[in-house]
Amino acid sequence: MLYNLSINDIAIIKQAEITFENGFNVLTGETGAGKSIIIDSINAILGGRTSKEIIRTGAARASVFASFYNVNKDIINSLAEQNIDISENTVELQRIINSDGRTICKINGTTVSGSFLKEIGKSLITIHGQLDNQALLNPEMHCSFIDKLADNENILSSYKSEYDRYCSLLSKIKSLDIDQQSKERRIEVLNYQIDEIEKADIKIGETEQLKNQRDIIRNSEKILCSLNNAYNAINGSDDFSGAELLAREAANEISEASKYLSEAENISEEITDISYQLSDVSEKINSIVNSIEYDPNLLEQIEERLDLIYNLTKKYGSDESEILSFLANAKAELDSIVLSDEQKEQLKADLSACKEELRKRADCLTKSRTDASNEFSKKVVEVLKFLEMPSVMFSVSIKKCEYNENGQDEIEFLLSANKGEDLKPLSKIASGGELSRIMLAIKSVLADKDDIDTLIFDEIDTGVSGRAAQKVALKMKEVSLNRQVICVTHLASIASLADSHFLIEKYEKDDKTFTKVTKLDYNGRVGELSRIIGGINITDETVTLAKQMLEG
């Protein structure tokens, strides 16, 4: 259940905090006061799409915070899988929208992805608005209502897995179903590509090694000159003594001095070690010098090899790894084409078996929907008659269609709102007020089919008035006996039955517009109901009527 909602710097709401109660909560106010902003804020906290444009002018960011308690076990388990702490069945959601468009989502203080926030949000609140009424006009949506009543989740999931397999087999058969001439051309191209790459015998990292080797050969003269200079500096030449000989001479001199000065003995040993190290280094330099040989033929071979690899990269990939990957894919494609006739026959056999299994699962789904449709129609009619549609007839049409991801059923709701009228597609004949009542009836029938504790009705009473409006109010009140209901309405008959009534008001201060939310006491409710009933001219009669509505 939604307990607390805190909104900061969203549109014209600088700061608002609402503490909702169990049962029936109602929000009323003048058009444009900010009721829709509150619903948008709830949508945002549930992971709905939002943007930086909702941030209040002058603010750096906007935020929404909501706390829920007594959440169901499925939500607790989902949070536990993400290592999110939860205590006393309480969940706190937070969403921050920054001016650069980035959003931050948190659950119980832990940062989560927007998709996970949306997943959790779906299990906490269901929002029904005028757009849901419009969804009734789309027959493609009708199937989902029947599936929900029939608890078809597992049956539908089983069907969809087989349907995915069916589509995959069809796709594979289609890809193999090419004409012989195209097949031969493709085989010729693949054979050429495979042969060209295999002859090159490419190795991963080869290009870098070849370039290093080429650099050495190209610069061998400079390298040899530097190495010889270094060698002579250590070993000396006819013109000067090298570092090794000088180090030995220094060691001998210090050794002579150490006969009279003990502190010099260690220095002599250190210099002697240095002379040995210099000797080792000179041997290594000499070894490198002997290994380097300028070979124009080798350089030419390296250049040719690099040119070959470069030409292959222009055709098959940017480096050796991509070229070899291209080779593997080409071989796999060639094998599939060569074996396509055998594969095609096997795939056709698999498709035939799959289609039979698909038919069985689709038939099972159809039976479940047919059985549920009878119960659904009966219950919807009962509610609609209560909602002042006494002559209503409602039926569910189920026709066979091509297999699709939802089965083989084309489902559409049929309605006759008046006596003597034939049943016709709902989308063709229902008025706005009828759609509101039909949607409420459907939601009422499906109310026990989920574990969502909070239902929000956002002005779905549009087009309803008089006795029908009163019956709509009574039905919402009935639904609120088993779960929390939050309703945005302009109807006094609905507002008067609320357990908690909140007034949304807009005002101006310092050349800025603000929205405030006030929980109304008895006198406040009388005043607000009087405004809804009487508009600008509030008389003693409207006040009396408002009191009578509150007192039942």
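Is at least one residue of segment 202-217 hydroxyl-bearing (S, T, Y) and either open to solvent by 50 Å² or more (accessible area, probe 1.4 Å) or over 30 Å from N311 (Cβ atoms) (or both)? Steps first, answer last, please.
First, pick out the residues of segment 202-217 that are hydroxyl-bearing (S, T, Y): 207.
Next, only the ones that are either open to solvent by 50 Å² or more (accessible area, probe 1.4 Å) or over 30 Å from N311 (Cβ atoms) (or both) stay: none.
The answer is no, given that none of the residues of segment 202-217 is hydroxyl-bearing (S, T, Y) and either open to solvent by 50 Å² or more (accessible area, probe 1.4 Å) or over 30 Å from N311 (Cβ atoms) (or both).
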query = Using beta carbons and a limit of 6 Å, which pairs, at least six apart or on different chains, have the first residue in segment 350-368 and more than 18 Å from N152 (Cα to Cα) and the second one at pLDDT below 95?
reply = D350/L169; L351/L169; C354/L169
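Per-residue answers, yes or no, for (1) farther than 30 Å from K477 by Cβ; (2) not in a helix (DSSP H, G or I):
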| position | (1), (2) |
| --- | --- |
| I18 | no, yes |
| I37 | no, no |
| D40 | no, no |
| N43 | no, no |
| F65 | no, yes |
| V71 | no, yes |
| N83 | yes, yes |
| R95 | yes, yes |
note = Of all helices (runs of 4 or more DSSP H) fully inside segment 263-379, the set with 2 or more residues that are under 30 Å from E253 (Cβ atoms) is 264-291
request  = Six or more apart or on different chains, Cβ under 6 Å: which pairs go from a residue in segment 1-30 that's closer than 22 Å to D521 by Cβ and of a type in the set (D, E) to one that's at pLDDT 95 or above and in a strand (DSSP E or B)? Could you list them?
outcome  = E17/S6; E21/S500
request  = Give segment 11-41 a look and list any residue that's in contact with a Gly (Cβ under 9 Å, 6 or more places away or on another chain), within 28 Å of I75 (Cα to Cα) and hydrophobic (A, V, I, L, M, F, W, C), or say none.
outcome  = A16, I39
request  = Only residues in segment 59-85 that are open to solvent by 10 Å² or more (accessible area, probe 1.4 Å) and modelled with pLDDT of 90 or more count as the first member; pair them with residues that are in a loop (DSSP other than H, G, I, E, B) and basic (K, R), Cβ under 7 angstrom, at least 6 apart or cross-chain, and list the lot.
outcome  = none
ask   = Mind checking which residues of segment 31-58 are loosely packed, with under 14 Cβ neighbours inside 10 Å and under 19 Å from S113 (Cα atoms)?
value = R49, S51
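Can you find, within segment 434-458, the residue that is surrounded by the most Cβ atoms within 10 Å (Cβ to Cβ) among those that are acidic (D, E) and over 27 Å from the mean Cα position of the chain (by Cα)? Working first, answer last.
Narrowing segment 434-458 to residues acidic (D, E): 434, 448, 450-451, 453, 458.
This time we only want the ones that are over 27 Å from the mean Cα position of the chain (by Cα), so: 434, 448.
Working: E434: 22, D448: 10.
Here the answer is E434.
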remark   = Conditions (1) part of a helix (DSSP H, G or I); (2) farther than 30 Å from L2 by Cα; (3) open to solvent by 60 Å² or more (accessible area, probe 1.4 Å) -> D238 fails only (1)
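Restricting attention to segment 473-491, report how many residues are assigned to a helix (DSSP H, G or I) and over 11 Å from D461 (Cβ atoms). Walk me through it before giving the result.
Filtering segment 473-491 for residues assigned to a helix (DSSP H, G or I) gives 473-479.
From what's left, over 11 Å from D461 (Cβ atoms): 474, 477-479.
Of the residues in that region, 4 qualify.
Within segment 220-230, track down each residue that is without any contact (Cβ under 8 Å) to a residue 12 or more places away in the chain and surrounded by fewer than 12 Cβ atoms within 10 Å (Cβ to Cβ). Break it down into steps so the answer makes sense when it comes.
Going through segment 220-230, the residues without any contact (Cβ under 8 Å) to a residue 12 or more places away in the chain turn out to be 222, 225-226, 229.
Result: K222, C225, N229.
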query = How many of the residues in segment 304-334 are in contact (Cβ under 8 Å) with a residue 12 or more places away in the chain and either surrounded by 13 or more Cβ atoms within 10 Å (Cβ to Cβ) or touching a helix residue (DSSP H, G or I) at 6+ places or on another chain (Cβ under 6 Å) (or both)?
reply = 16
ask   = In segment 47-56, how many residues are in contact (Cβ under 8 Å) with a residue 12 or more places away in the chain and either under 16 Å from the mean Cα position of the chain (by Cα) or part of a loop (DSSP other than H, G, I, E, B) (or both)?
value = 5
request  = Search segment 501-546 for residues being surrounded by 14 or more Cβ atoms within 10 Å (Cβ to Cβ) and of a type in the set (F, W, Y), and hand back the single one that is farthest from I18 (Cα to Cα).
outcome  = F514
remark   = How many residues of segment 209-226 are modelled with pLDDT of 85 or more and aliphatic (A, V, I, L, M)? The answer is 1
remark   = Residues in segment 14-30 that are buried (at least 18 other Cβ atoms within 10 Å of the Cβ) and closer than 26 Å to I536 by Cβ total 4
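Quick check: anything in segment 302-314 more than 30 Å from N212 (Cα to Cα), at pLDDT 90 or above and not hydrophobic (A, V, I, L, M, F, W, C)?
Going residue by residue through segment 302-314, those that are more than 30 Å from N212 (Cα to Cα) are none.
The answer is no; no qualifying residue exists.
What about I37, is it modelled with pLDDT of 95 or more, over 18 Å from R483 (Cα atoms) and of a type in the set (A, V, I, L, M)?
Details: modelled with pLDDT of 95 or more: no; over 18 Å from R483 (Cα atoms): yes; of a type in the set (A, V, I, L, M): yes.
Judged against the criteria, I37 is not a match.
Test S226 against the criterion of being over 60 Å from the mean Cα position of the chain (by Cα) and outside any helix (DSSP H, G or I), and give yes or no.
Working: over 60 Å from the mean Cα position of the chain (by Cα): yes; outside any helix (DSSP H, G or I): no.
No.
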ask   = Out of (1) more than 30 Å from N228 (Cα to Cα); (2) among the small types (G, A, S); (3) modelled with pLDDT under 90, the odd one out for A330 is which?
value = (3)
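Is it the case, given these coordinates, that A233 is assigned to a helix (DSSP H, G or I), free of Cβ contacts under 8 Å to residues at least 40 places away in the same chain, in contact with a helix residue (DSSP H, G or I) (Cβ under 8 Å, 6 or more places away or on another chain) and open to solvent by 50 Å² or more (accessible area, probe 1.4 Å)? Give the derivation first.
Details: assigned to a helix (DSSP H, G or I): yes; free of Cβ contacts under 8 Å to residues at least 40 places away in the same chain: yes; in contact with a helix residue (DSSP H, G or I) (Cβ under 8 Å, 6 or more places away or on another chain): yes; open to solvent by 50 Å² or more (accessible area, probe 1.4 Å): yes.
Yes: the conditions hold for A233.
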ask   = Any residue at all in segment 457-471 that is on the phi > 0 side of the Ramachandran plot, among the acidic types (D, E) and part of a loop (DSSP other than H, G, I, E, B)?
value = yes
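Which of the residues spanning segment 405-453 are under 30 Å from V91 (Cβ atoms) and either at pLDDT 80 or above or in a loop (DSSP other than H, G, I, E, B) (or both)?
In the first step, residues of segment 405-453 are kept if they are under 30 Å from V91 (Cβ atoms); the result is 439-440, 442-453.
Within segment 405-453, M439, L440, I442, K443, S444, V445, L446, D450, D451, I452, D453 meet the criteria.
The values are calculated or read from the model by the stated rules, or taken from the named source; none is laboratory data. Nothing here was measured: the structure is a model prediction, and the numbers come from that model. Cβ sites come from the backbone with ideal geometry, for glycine too, and all protein chains shown count toward neighbours. SASA here: full protein model, heavy atoms, side chains in, ligands and nucleic acids out. Shrake-Rupley method; radii C 1.70, N 1.55, O 1.52, S 1.80 Å.
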